[in-house]
Amino acid sequence: MKYEEYGVVTVSVSWAKPGSGFTAMFEVLVIDWLKEASISAVSRLMGLSWNAIDGIMQRAVKRGLARRTEISSTRIGIDDTAFKKRHDYVTVLSDQDAGRVLHGAVTAKR
């Protein structure tokens, strides 16, 4: 029996999400490094493209949001600050009692 008879075969495995191309543990490692360094530094050190890192970040956020419980905040905080002192702003909405970020957004004001 030769492999050419069947063509490409894709198999689902428990340690990787469909379409990811990376193991779950590798994605956790990348996220841990992103907590300490910039995207460009992690890209260079890990040999990953910006798009690959962005995909890893998006999947991590999706997993985090899926685990989030219902929010019933009584005190919220809003912080709007310039990013790198230019005309791009980061706005963060946070639950002041629980000490967690509820929403973050980047806006360009030109």
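The values are calculated or read from the model by the stated rules, or taken from the named source; none is laboratory data. The model shown is predicted, which means the values in this text are computed figures rather than measured ones. Using ideal geometry, Cβ is built from the backbone for each residue, glycine included, and neighbour counts are taken over all protein chains shown. The accessibility values were calculated without ligands, DNA or RNA, using every heavy atom of the protein model including side chains. Shrake-Rupley method; radii C 1.70, N 1.55, O 1.52, S 1.80 Å.
Once the mean of 1/r is taken over each pair of separate Cα atoms and inverted, the chain shows a Kirkwood hydrodynamic radius of 17.3 Å.
In order along the stretch 40-54, the Karplus-derived 3J(HN,Hα) couplings, from 6.51 cos²θ - 1.76 cosθ + 1.60 at θ = phi - 60°, round to 5, 5, 5, 4, 5, 5, 9, x, 10, 7, 4, 5, 5, 5, 4 Hz, and Gly and Pro are given as x.
Computed from backbone phi, the HN-Hα couplings of the stretch 10-21 come to 9, 10, 6, 10, 6, 9, 9, 7, x, x, 6, x Hz, rounded to whole numbers (Karplus: 6.51 cos²θ - 1.76 cosθ + 1.60, θ = phi - 60°; Gly and Pro given as x). For the stretch 2-62, applying the loop criterion from DSSP together with a ceiling of 14 other beta carbons within 10 Å to the GluC sites (Glu not before Pro) yields Glu36.
The chymotrypsin sites (Phe, Trp or Tyr not before Pro) of the stretch 3-32 meeting both criteria, a DSSP state outside H, G, I, E and B (loop) and at most 13 other C-beta atoms within 10 angstrom of the site's C-beta, are Tyr6, Trp15.
A cut-off under 13 angstrom between Cβ atoms defines the neighbours of Ser20, and their net charge, with Lys, Arg +1 and Asp, Glu -1, is +2. With the whole protein complex present, Met25 retains an accessible surface near 150 Å², based on a 1.4 Å probe. Across the accessible surface of the chain, with the other protein chains kept in place and a 1.4 Å probe, carbon and sulfur atoms take up 58 percent.
In the context of the full protein assembly, Asp80 retains an accessible surface of approximately 80 Å², using a probe radius of 1.4 Å and ignoring ligands and nucleic acids. Extension gain for Asp32 to Tyr6 (0.36 nm times residue separation, less C-alpha to C-alpha distance): 5.4 nm. Amide H contacts under 5 Å for Ile76: Gln96, restricted to partners 5 or more places along the chain or on a different chain, H placed in the peptide plane at 1.01 Å from N.
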